[in-house]
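To keep things clear, I will list the structure first and then write my remarks on it.
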Amino acid sequence: MSFYSYIWGVFAWVCIFKTSHLCGRTFSPKRFTIAMPRQQTNTTSQRQGRRGSTRGRGAPKVTVDGSTPQAGISGLEGLKHLISAKSTVTLQDLRKLKVPRAAVSVVVRNSDRKPTNDADAEISKTSKRGRGTPEAVADSVVESGNGRGAPGVVVESLPRDDDVVVVAVRNNAGAEVIVVLSSDSDSTNDGDASDAVAPCGKSANDPDALQDEPPYLWGKGGLYLYREHLETLNQRKWVNDSVINCYLYLLSEACGDGEDGVGVVNSLFPTDGDVEKAVAFLPDNYCQCRLILIPVHCKNHWALVAAHMHSSELHYWDSNQLPGSETILNWIEVILKHAQKGTDHKWTHVVKGGPKQKNGDDCGVFVLQNCLCIACGIAPDFTQNDIPLLRTVVQQELLLETVLKRREG
Amino acid sequence: MADQGDVKAEVPQVSLKVVNADGAEMYFKIKRGTQLKKLMDAYCKKQGISRQSVRFLFDGSPIDENKTPDDIGMEDDDVIDAMVEQTGGLL
């Protein structure tokens, strides 16, 4: 019996050797052993990408020049690729990417643009010469009096904006300033003034053309993301409202309108006081939304209220589970009830557990990731250990102005 | 020096109030067709603060700096909120 097994074994080895030889490849035991565990991989590029990593452990990892199932590139480039492709990824995919966790150096758009031709240079010179003129304008206006009674003291002129004219200041209580802003030459206030600003004023559109590129990275829906804001996503920094609001704006945009729409409320909404004022912060189409995300800022801490409109539930997500959730949920309910006048909506309050924060810096990132998971309809599956990675991911998402949707896995 | 009343008749303006988080008010007159960017920049310069540290809101919405008072239907004595940055980690 054992003799026949031996014979069959030798025969099998010879067959394998012959087959590989006929295919033009030399037989290598090493190659054979590597090929065995990756039966599910299909393409050679994927095999090559994984070869280095399978050597170490059983679980496939992504090497520096290796591949991921989606991108084919890892690291920051792979992340950018995923975001640009508007992929839907799992947290596992992101973990495999091995993106650098250090602060991302943000590329700022070139802001030191020089005048490109002689005409520009000439205008630039004129503008400089015109710097003193607003004072003259303001003086003359004050001498002539203005429409709001006795003129006050003229404060310093505002440099560079040749078409901004300070008319008067009243210093009772809180420095009350009246400023006349004009955008072109015909709006100058009087004869002297128009003489004074004429050299600059005539170039009506040029001041804008002359201005450097915008100081912010992008602006959408009145929200402006500056480089300084993005830096609050660097490791261990406290995330600011601009990052939260810009990210939620992108998320809402990615979720689209209609029945599947996700509405967001600006984090600057008042957390007490005037209900009418707070109602104005609700998105216009909040009735059609399935979900409204409300980032709540209270005493240096970020938390989140998710209003599920169809099931009439208010979920409170706090990575640190501080007390005070009921106060906030009651306030949100007051706002929503006030907005939905006439309807007798009953809201159920649910305080959710969710991933826990283990330091004093990351609550803003927890809020962002909770928002993303809730909007994508999955349970928040990240932990404190993922936060350094997720900070980088959010930073890149904001830079590329799109949100990488998440799915379970 | 020309009569100012005539100019006012020609140029429709709107007077707006910018209120900061402490309740301090600052009044602006701005042409209805002028971008609100000018108002924001002037406010920041007067207050000596940087543009990225203030959020301007009108009626619950952040203000697009390229819009004009006409675009967003501003009326005389309307209030613009100038809010400060919010930041948070933990209590």
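Looking across segment A:232-249, not a single residue is open to solvent by 60 Å² or more (accessible area, probe 1.4 Å), within 15 Å of A:Leu390 (Cα to Cα) and part of a helix (DSSP H, G or I). Please specify each residue of segment A:315-348 satisfying the condition of being open to solvent by 50 Å² or more (accessible area, probe 1.4 Å) and part of a strand (DSSP E or B). Selection gives A:Thr348 alone. Entry remark, segment B:21-32: residues being more than 8 Å from chain A (Cβ to nearest Cβ) and in contact with a Gly (Cβ under 9 Å, 6 or more places away or on another chain) number 1 in total. Can you spot a residue in segment A:268-275 that is under 22 Å from A:Phe366 (Cα atoms), of a type in the set (Val, Ile, Thr) and open to solvent by less than 30 Å² (accessible area, probe 1.4 Å)? Scanning segment A:268-275, I find no residue that is under 22 Å from A:Phe366 (Cα atoms), of a type in the set (Val, Ile, Thr) and open to solvent by less than 30 Å² (accessible area, probe 1.4 Å), so the answer is no. Starting from residues that are surrounded by fewer than 17 Cβ atoms within 10 Å (Cβ to Cβ) and out of contact with any strand residue (DSSP E or B) (no Cβ under 6 Å at 6 or more places or on another chain), keep the ones in segment A:77-91 and report whichever is farthest from A:Arg407 (Cα to Cα). Within segment A:77-91, the match that is farthest from A:Arg407 (Cα to Cα) is A:Glu77.
Can A:His315 be described as at pLDDT 95 or above, out of contact with any Cys (no Cβ under 7 Å at 6 or more places or on another chain) and not hydroxyl-bearing (Ser, Thr, Tyr)? In short, yes. When A:Tyr247 is tested against the conditions (1) without any contact (Cβ under 8 Å) to a residue 60 or more places away in the chain; (2) aromatic (Phe, Trp, Tyr); (3) more than 9 Å from every other protein chain (Cβ to nearest Cβ), the lone failure is (1). Restricting attention to segment A:223-242 and to residues that are closer than 18 Å to A:Asn359 by Cβ and aliphatic (A, V, I, L, M), the residue that is farthest from the other protein chains (Cβ to nearest Cβ) turns out to be A:Leu233. Where strands (runs of 3 or more DSSP E) fall wholly inside segment A:250-311, the ranges with 3 or more residues that are free of Cβ contacts under 8 Å to residues at least 60 places away in the same chain are A:291-298, A:301-308.
Is segment B:70-78 home to any residue that is closer than 24 Å to B:Pro12 by Cα and facing another protein chain (nearest Cβ under 9 Å)? No; the residues of segment B:70-78 include none that is closer than 24 Å to B:Pro12 by Cα and facing another protein chain (nearest Cβ under 9 Å).
Select from segment A:349-377 the residues that are in a helix (DSSP H, G or I) and in contact with a helix residue (DSSP H, G or I) (Cβ under 7 Å, 6 or more places away or on another chain) and write down the one among them that is farthest from the other protein chains (Cβ to nearest Cβ).
A:Ala375
Residue-level check: of (1) surrounded by 15 or more Cβ atoms within 10 Å (Cβ to Cβ); (2) in a loop (DSSP other than H, G, I, E, B), A:Glu228 misses just (2).
Residue check: is B:Gln35 in contact with an Asp or Glu (Cβ under 9 Å, 6 or more places away or on another chain) and facing chain A (nearest Cβ under 7 Å)? The answer is no for B:Gln35.
Got at least one residue in segment A:292-306 being more than 10 Å from chain B (Cβ to nearest Cβ), at pLDDT below 95 and buried (at least 16 other Cβ atoms within 10 Å of the Cβ)?
No: segment A:292-306 contains no residue that is more than 10 Å from chain B (Cβ to nearest Cβ), at pLDDT below 95 and buried (at least 16 other Cβ atoms within 10 Å of the Cβ).
Against the list (1) modelled with pLDDT of 95 or more; (2) hydrophobic (A, V, I, L, M, F, W, C); (3) farther than 17 Å from A:Tyr224 by Cβ, the condition B:Val14 fails is (1). Scan segment B:66-91 for residues that are within 30 Å of A:Asn300 (Cα to Cα), part of a loop (DSSP other than H, G, I, E, B) and open to solvent by 60 Å² or more (accessible area, probe 1.4 Å) and the total you get is 2.
Those residues that are under 17 Å from A:Ala254 (Cα atoms) and either free of Cβ contacts under 8 Å to residues at least 40 places away in the same chain or open to solvent by less than 10 Å² (accessible area, probe 1.4 Å) (or both), I need them from segment A:352-375; list them, please. Listed by number, the residues that qualify are A:Leu368, A:Gln369, A:Asn370, A:Cys371, A:Leu372, A:Cys373, A:Ala375.
The values are calculated or read from the model by the stated rules, or taken from the named source; none is laboratory data. This structure is a prediction, so every number in the text was calculated from the model and none was measured. All Cβ positions, even for glycine, are placed from backbone atoms using ideal geometry, and neighbour counts span all protein chains on display. Remember, those area values only see protein heavy atoms, side chains included, never the ligands or the DNA or RNA. Shrake-Rupley method; radii C 1.70, N 1.55, O 1.52, S 1.80 Å.
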